[in-house]
1. Quick check on my filter: what residues within region B:94-117 are part of a strand (DSSP E or B) and either more than 21 Å from B:Thr20 (Cβ to Cβ) or within 14 Å of chain A (Cβ to nearest Cβ) (or both)?
2. Quick one: which residue in A:Phe64, A:Phe42 is of a type in the set (A, V, I, L, M, F, W, C) and within 18 Å of A:Val12 (Cα to Cα)?
3. What's the number of the condition A:Val12 fails, among (1) within 14 Å of chain B (Cβ to nearest Cβ); (2) more than 18 Å from B:Ile46 (Cα to Cα); (3) assigned to a strand (DSSP E or B)?
4. Step by step: first the residues of region B:72-93, then only those that are facing chain A (nearest Cβ under 10 Å) and under 10 Å from the mean Cα position of the chain (by Cα), then the one that is nearest to B:Ile46 (Cα to Cα). Which residue is that?
5. Based on what the data block shows, is A:Leu83 away from chain B (no Cβ under 14 Å), more than 19 Å from B:Lys104 (Cα to Cα) and either surrounded by 18 or more Cβ atoms within 10 Å (Cβ to Cβ) or modelled with pLDDT of 95 or more (or both)?
6. For region A:1-29, how many residues meet the condition of being of a type in the set (Asp, Glu) and surrounded by 14 or more Cβ atoms within 10 Å (Cβ to Cβ)?
7. Just give me the residues in region A:86-111 being surrounded by fewer than 20 Cβ atoms within 10 Å (Cβ to Cβ), in a loop (DSSP other than H, G, I, E, B) and at the interface with chain B (Cβ under 8 Å from one of its Cβ atoms), in sequence order.
8. For region B:1-11, which residues satisfy the criterion of being surrounded by 12 or more Cβ atoms within 10 Å (Cβ to Cβ) and part of a strand (DSSP E or B)?
Amino acid sequence: DTAVSQTPKYLVTQMGNDKSIKCEQNLGHDTMYWYKQDSKKFLKIMFSYNNKELIINETVPNRFSPKSPDKAHLNLHINSLELGDSAVYFCASEGELDKQYFGPGTRLTVT
Amino acid sequence: AQKITQTQPGMFVQEKEAVTLDCTYDTSDQSYGLFWYKQPSSGEMIFLIYQGSYDEQNATEGRYSLNFQKARKSANLVISASQLGDSAMYFCAMREGGDTGGFKTIFGAGTRLFVKA
């Protein structure tokens, strides 16, 4: 059983397009996150949700809009994709001792 | 200012030897958590070890131990008896209160460990 899953694993698209990445966790956790890892491997938090409610928005451009239909899902929609959006996006959910369980990542390439 | 500093971009260690990966942090919170994660070349993020700021004993998980020195604000990861499979990127992270409420985890820039046979 996959604890935190993301789809798609790879996403290649052109500038200006709109795309979504889906995340699901079956751990029963209340808190979920989106992170962006750039080409230098730097990992930065984007959003955090607790029980479907947005808790943290780390000054991410408005083109990025997270949506949590229920506490097991946290999707990320990106409008008007730019070259600089190319990165690996990780979803994570948080359990006991604040331990985070990461999804496998989605490698987004914008051409 | 950097909240989490990992000063070693890359390190080499001989198989079966111990290695220490450095991490210093900066926070004004009294309660915080410190973590280490491993990212192998396959890309997934794997939790290794956790240390709470109020924990008096250093955390250990199998071959991993966290050398927590609160006064120095350091949380070094020690890997004993290195194995080839330990070759990966290692991230130190800290969980603290966010500016607008909630908690967030901040990651260091990472240390790439190479284990030599």
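The values are calculated or read from the model by the stated rules, or taken from the named source; none is laboratory data. Computed from a predicted structure; not experimentally measured. Don't worry about glycine lacking a Cβ; one is built from the backbone with ideal geometry, like all the others, and counts go over all protein chains shown.
1. Filtering region B:94-117 down to residues part of a strand (DSSP E or B) leaves B:94-97, B:103-107, B:111-116.
Of everything in region B:94-117, those that are part of a strand (DSSP E or B) and either more than 21 Å from B:Thr20 (Cβ to Cβ) or within 14 Å of chain A (Cβ to nearest Cβ) (or both) turn out to be B:Met94, B:Arg95, B:Glu96, B:Gly97, B:Phe103, B:Lys104, B:Thr105, B:Ile106, B:Phe107, B:Thr111, B:Arg112, B:Leu113.
2. Answer to the selection: A:Phe64.
3. Tallying (1) within 14 Å of chain B (Cβ to nearest Cβ); (2) more than 18 Å from B:Ile46 (Cα to Cα); (3) assigned to a strand (DSSP E or B), A:Val12 fails exactly one: (1).
4. Step one: of region B:72-93, the residues facing chain A (nearest Cβ under 10 Å) are B:89, B:91, B:93.
Restricting the remaining residues to those that are under 10 Å from the mean Cα position of the chain (by Cα) gives B:91, B:93.
Numbers: B:Phe91: 10, B:Ala93: 12 Å.
Across region B:72-93, the extreme among qualifying residues is B:Phe91.
5. Yes; evaluated as a whole, the condition is true for this residue.
6. 1
7. A:Lys99, A:Pro104
8. B:Ile4, B:Thr5, B:Met11
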